Amino acid sequence: MTDTLNHLVLLPRPHRIDTTGGVYTGDWKQVDESIEPADFDRAESYTLELNGERVTLAASDSAGLFYGRQTLAQLKRLAERGLSIPNLRITDRPDFAVRGVMIDISRDKVPTMATLRQTVGLFSSMKINQLQLYTEHTFAYTGHEDVWRDASPMTADQVRELDAWCRAHHIELVPNQNTFGHMERWLKHDRYRPLAECADGWIDALGRHRPAGTLNPTDPKSLQLIEAILPELIACHSSKQINVGGDETYELGQGRSKAVCKKRGNGAVYHEYLLGVQRIVKQHGCTMQFWGDIVLEHPELVAELPRDLMAMVWGYEADHPFDEQCAQFVERGVPYCVCPGASSWNTIAGRTDNMLTNISSAVRAGLEHGAAGVLTTDWGDNGHWQTLPIAWPGYAWAAAESWSAGKMSRTRLAAALDIHVLGDRADVTGDVLLDLGNVYQTVGATTHNASVLARAMYEPESPAGDGVTHDTLAEAKRQVTAAIDRLDAADITRPDGKLILEEVRLAGAMLRHACDLLSTRDGQPLTALSHTQRAALANDLEPMIAWYQTVWLARNREGGLIDSAGRLRGLLNLYRAS
């Protein structure tokens with residue numbers, strides 16, 4: 001029988017739902033459970049049957065039972081909303097064995113333990129089974145206090161606690177520590193600067209001076225540092241994998257390794273260092289994950305990669321060439337995961353349409369080419385200005401697609417957010433989040449991996465882009481205001497419901513400010529604005545910074561707040577400059 005129960009909004013949507021006649025009238029707590037491995041051909045599978053007054057749940061393993069219970073809990077939630085639940089039989093299993101999310105805790109938000117526990121609970125309800133916390137300097141490594149002292153880092157005891165919490169929710173907490181590029185927070189200290197590829201910084205493709213961020217791969221002391229720190233992080237996790245990063249090593253060959261790279265090639269030098277990190281990882285019984293972008297720039301090296309690692313194929317635009325990149329690893333027999341993004345960072349309120357297409361494209365390519373799994377990333381570039389609810393649509397869509405690809409529409413996503421994530425009985429907030437996330441398209445121009453409105457605030461002298469006019473900005477502001485006004489009707493039952501509304505309203509206020517900033521500038525530098533114009537912008541932004549700090553501390557530790565709010569204060573200072 002085909003799935004005819006489209007009115008049942010579940011997250012993720014099961015692969016098959018068959019009605020068996022009549023309405024379920026039984027006790028939701030009385031469930032006959034069994035594990036029947038011989039009846040299933042895939043791990044984490046289950047069948048769930050509601051028949052009269054009885055619920056029967058059979059599964060391939062304990063994880064399958066757990067996920068069957070999550071579906072039952074969602075059906076109960078629908079019944080509590082007054083929906084009549086028919087007698088039915090659900091047959092379900094995941095499309096991917098790995099369904100993960102990576103959260104950036106290094107730029108600049110380190111969530112509180114309460115926030116992390118709540119997030120793990122949410123992920124498990126959506127059948128996500130892997131979590132990574134992207135780390136640069138926010139783990140409290142023994143003997144390296146100068147790196148993490150002001151960052152409110154995760155301690156070893158906290159990671160162990162979180163690892164146990166994850167295991168109880170059938171989630172693997174995979175350690176994550178960048179080990180090559182993105183080491184700015186280490187290399188800025190005198191103690192570590194001699195390890196930098198470009199100790200005095202480097203010039204990027206746009207001519208901007210950047211601080212040292214990449215280790216010198218030709219210095220043995222670089223690997224000695226990694227060998228010293230990784231065991232402590234690995235020991236806090238039960239996982240036998242670790243993501244060692246290795247992405248965006250922009251400086252490679254520009255500084256201390258220049259002569260060697262000129263002789264042997266940047267790719268060969270990168271490859272040798274990567275294998276050095278893998279040797280360290282293997283000594284501790286772990287499989288190494290690494291970001292695949294640099295290797296893909298040197299495709300001849302893909303064939304030289306060992307087969308006992310995991311390449312992470314990442315890209316965050318709707319048109320990212322996942323098909324082409326996956327095929328390169330498949331052709332050479334290298335295991336890999338596809339890694340789309342939540343499209344929340346550098347945006348304030350997200351990029352909904354980009355997110356939907358980017359994730360679906362990655363999932364489709366992964367299914368076609370045999371990817372090991374999906375890891376959806378949520379970064380914190382340029383101050384991590386997006387509040388937590390802004391990322392929830394991306395998490396939910398990725399969970400839905402990586403469990404049962406193609407089963408959920410945008411309309412169903414909004415409803416699923418309200419019912420299963422937000423607990424909004426008025427069915428308002430889900431649509432508001434998705435609508436705010438599409439304002440990025442209204443302004444008349446788009447930009448790579450960001451929104452024009454967010455960029456206007458973290459790079460206030462940058463050009464707005466062709467197509468941005470007073471009219472497009474006025475329309476964007478009108479759309480934001482209309483969306484935020486709809487929140488007055490929201491009825492969120494979660495204990496943090498008031499906070500959620502504050503977080504979304506703050507996002508709206510920041511978007512409106514960005515519209516005003518671009519409209520006031522009208523292509524001019526800030527210094528060309530009149531005192532009255534700059535004073536008006538300052539008067540709008542100043543109380544917003546206090547609001548931002550309050551909202552930040554409701555879910556996150558204090559450590560990164562100085563840096564993040566400092567970007568807003570820097571903009572305020574530009575407004576006030578004479």
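Can you tell me which residue in segment 477-531 is modelled with the lowest pLDDT, limited to those that are among the hydroxyl-bearing types (Ser, Thr, Tyr) and farther than 30 Å from THR115 by Cα?
Top of the filtered list is THR527.
Quick one: CYS236 ticks every box in (1) surrounded by 18 or more Cβ atoms within 10 Å (Cβ to Cβ); (2) over 22 Å from ILE294 (Cα atoms); (3) not assigned by TED's automatic domain parsing to the domain that holds GLU161 except a single one, so which number is it?
Checking CYS236 against (1) surrounded by 18 or more Cβ atoms within 10 Å (Cβ to Cβ); (2) over 22 Å from ILE294 (Cα atoms); (3) not assigned by TED's automatic domain parsing to the domain that holds GLU161, the one that fails is (3).
Show the residue pairs meeting these rules: Cβ distance below 9 Å; 6+ apart or different chains; first residue within segment 518-536 and part of a loop (DSSP other than H, G, I, E, B); second residue of a type in the set (Lys, Arg).
LEU529/ARG521
Need the failing condition index for ARG505 against (1) out of contact with any Pro (no Cβ under 6 Å at 6 or more places or on another chain); (2) touching a residue at least 24 places away in the same chain (Cβ under 8 Å); (3) part of a helix (DSSP H, G or I); (4) within 30 Å of LYS127 (Cα to Cα), just the number.
Among (1) out of contact with any Pro (no Cβ under 6 Å at 6 or more places or on another chain); (2) touching a residue at least 24 places away in the same chain (Cβ under 8 Å); (3) part of a helix (DSSP H, G or I); (4) within 30 Å of LYS127 (Cα to Cα), ARG505 violates only (2).
If you check every pair at least six apart or on different chains, which have Cβ atoms under 7 Å apart with a residue in segment 109-138 that is in a helix (DSSP H, G or I) first and a residue that is among the aliphatic types (A, V, I, L, M) second?
Filtered contacts from segment 109-138: LEU116/LEU162; VAL120/LEU131; VAL120/ILE171; LEU122/VAL421; PHE123/VAL101; PHE123/LEU131; PHE123/ILE171; SER124/ILE171.
Name every residue in segment 252-273 that is part of a loop (DSSP other than H, G, I, E, B) and touching a helix residue (DSSP H, G or I) at 6+ places or on another chain (Cβ under 7 Å), in order of residue number.
LEU252, GLY253, SER257
Might you let me know whether segment 207-222 holds any residue that is at pLDDT 95 or above, more than 14 Å from LEU252 (Cα to Cα) and among the hydrophobic types (A, V, I, L, M, F, W, C)?
Looking through segment 207-222, none of the residues is at pLDDT 95 or above, more than 14 Å from LEU252 (Cα to Cα) and among the hydrophobic types (A, V, I, L, M, F, W, C).
Is it fair to say CYS198 is in contact with a strand residue (DSSP E or B) (Cβ under 8 Å, 6 or more places away or on another chain) and surrounded by 13 or more Cβ atoms within 10 Å (Cβ to Cβ)?
No.
I need the full set of residues from segment 35-77 which are modelled with pLDDT under 95, among the acidic types (Asp, Glu) and in contact with a Gly (Cβ under 8 Å, 6 or more places away or on another chain), in order please.
Matches in segment 35-77: GLU53 only.
Taking interchain pairs and intrachain pairs at least six residues apart, which have beta carbon atoms under 6 angstrom, with the first residue in segment 224-251 and assigned to a loop (DSSP other than H, G, I, E, B) and the second of a type in the set (D, E, K, R)?
Within 6 Å, the pairs are CYS236/ARG160; HIS237/ASP163; SER238/ASP163; SER239/GLU172; ASP247/ASP293; GLU251/GLU197.
Need the failing condition index for ALA63 against (1) at positive phi; (2) outside any strand (DSSP E or B), just the number.
It fails just one condition, (1).
For the structure I just gave you, tell me whether ARG160 is in a loop (DSSP other than H, G, I, E, B), basic (Lys, Arg) and touching a residue at least 12 places away in the same chain (Cβ under 8 Å).
Criteria not met by ARG160.
Of the conditions (1) without any contact (Cβ under 8 Å) to a residue 40 or more places away in the chain; (2) under 18 Å from GLU304 (Cα atoms), VAL269 fails just one. Which one is it?
(1)
Within segment 461-474, can one find any residue that is in a loop (DSSP other than H, G, I, E, B), buried (at least 17 other Cβ atoms within 10 Å of the Cβ), modelled with pLDDT under 95 and not assigned by TED's automatic domain parsing to the domain that holds GLY315?
Checking segment 461-474: at least one residue is in a loop (DSSP other than H, G, I, E, B), buried (at least 17 other Cβ atoms within 10 Å of the Cβ), modelled with pLDDT under 95 and not assigned by TED's automatic domain parsing to the domain that holds GLY315.
Within segment 414-422, does at least one residue satisfy the condition of being assigned to a helix (DSSP H, G or I), β-branched (Val, Ile, Thr), touching an Asp or Glu at 6+ places or on another chain (Cβ under 9 Å) and not assigned by TED's automatic domain parsing to the domain that holds VAL363?
Yes, segment 414-422 contains a residue that is assigned to a helix (DSSP H, G or I), β-branched (Val, Ile, Thr), touching an Asp or Glu at 6+ places or on another chain (Cβ under 9 Å) and not assigned by TED's automatic domain parsing to the domain that holds VAL363.
Kindly indicate whether GLY64 is surrounded by fewer than 20 Cβ atoms within 10 Å (Cβ to Cβ), outside the structural domain of PRO153 (by TED's automatic domain parsing) and out of contact with any helix residue (DSSP H, G or I) (no Cβ under 7 Å at 6 or more places or on another chain).
no
Scan segment 357-367 and tell me whether some residue there is surrounded by fewer than 24 Cβ atoms within 10 Å (Cβ to Cβ), outside any helix (DSSP H, G or I), modelled with pLDDT of 95 or more and in contact with a helix residue (DSSP H, G or I) (Cβ under 6 Å, 6 or more places away or on another chain).
no
Pull out all pairs, ordered by first then second residue, where Cβ-Cβ is under 9 Å, the residues are six or more apart or on different chains, the first lies in segment 30-48 and is closer than 11 Å to PRO94 by Cβ and assigned by TED's automatic domain parsing to the domain that holds ARG69, and the second is among the small types (Gly, Ala, Ser) and in a loop (DSSP other than H, G, I, E, B).
Partner pairs satisfying both residue conditions: ARG42/SER60; ARG42/ALA97; ALA43/SER60; ALA43/ALA97; GLU44/SER60; GLU44/ALA97; SER45/SER60; TYR46/SER60.
The values are calculated or read from the model by the stated rules, or taken from the named source; none is laboratory data. Since the model is a prediction, treat every value here as computed from it, not as a measurement. Neighbour counts run over all protein chains shown; Cβ positions are idealised from the backbone, glycine included.
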